[in-house]
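> Before anything else, here's the structure in question.
The values are calculated or read from the model by the stated rules, or taken from the named source; none is laboratory data. The structure displayed is predicted, hence computed values, not measured ones. Here Cβ is always computed from backbone atoms with ideal geometry, including for glycine, and neighbour counts include all displayed protein chains.
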Amino acid sequence: VQLQASGGGLVQAGGSLRLSCAGSGPTFARHAIGWFRQAPGKEREFVARTSQSGGATYYAESVKGRFTISRDNSKNTVFLQMNSLKPEDTAVYSCAADVGTIAAFTTSDYEYWGQGTLVTVSS
């Protein structure tokens, strides 16, 4: 499966953005999708994950209550709605696919990665 993230940009603190992860291929719905982010000088970190059906979602503590992950398998797309953005949310956001069904939160658990999209939150 091939993935492409989009929707990043510059936003003021307190604002919102919606990221999209578009997938190609007939097996998209068989993959859980995770969002990760990498800030300058820091390691990539887990942000959110949705199961294959979208029925189970998981979030990093730092974004819980502010971000919402969802998916539309009919359009091969996963969304990350980001509200109440903070300057510390500034990072390159990437989506990744995992064929496994057990919730996973580390980069090595994901088999396919898309290019990232830059989110910059100004104070």
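> Can we say D98 is touching a residue at least 40 places away in the same chain (Cβ under 8 Å) and of a type in the set (D, E)?
So D98 fits the description; yes.
> In the range 18-53, what residues are assigned to a loop (DSSP other than H, G, I, E, B) and surrounded by 15 or more Cβ atoms within 10 Å (Cβ to Cβ)?
Hits for the range 18-53 are H31, R44, S51, Q52.
> Now for a different question. Pick from the range 11-29 the residues that are at negative phi and more than 17 Å from the chain's Cα centre (by Cα): which of them is modelled with the lowest pLDDT?
P26
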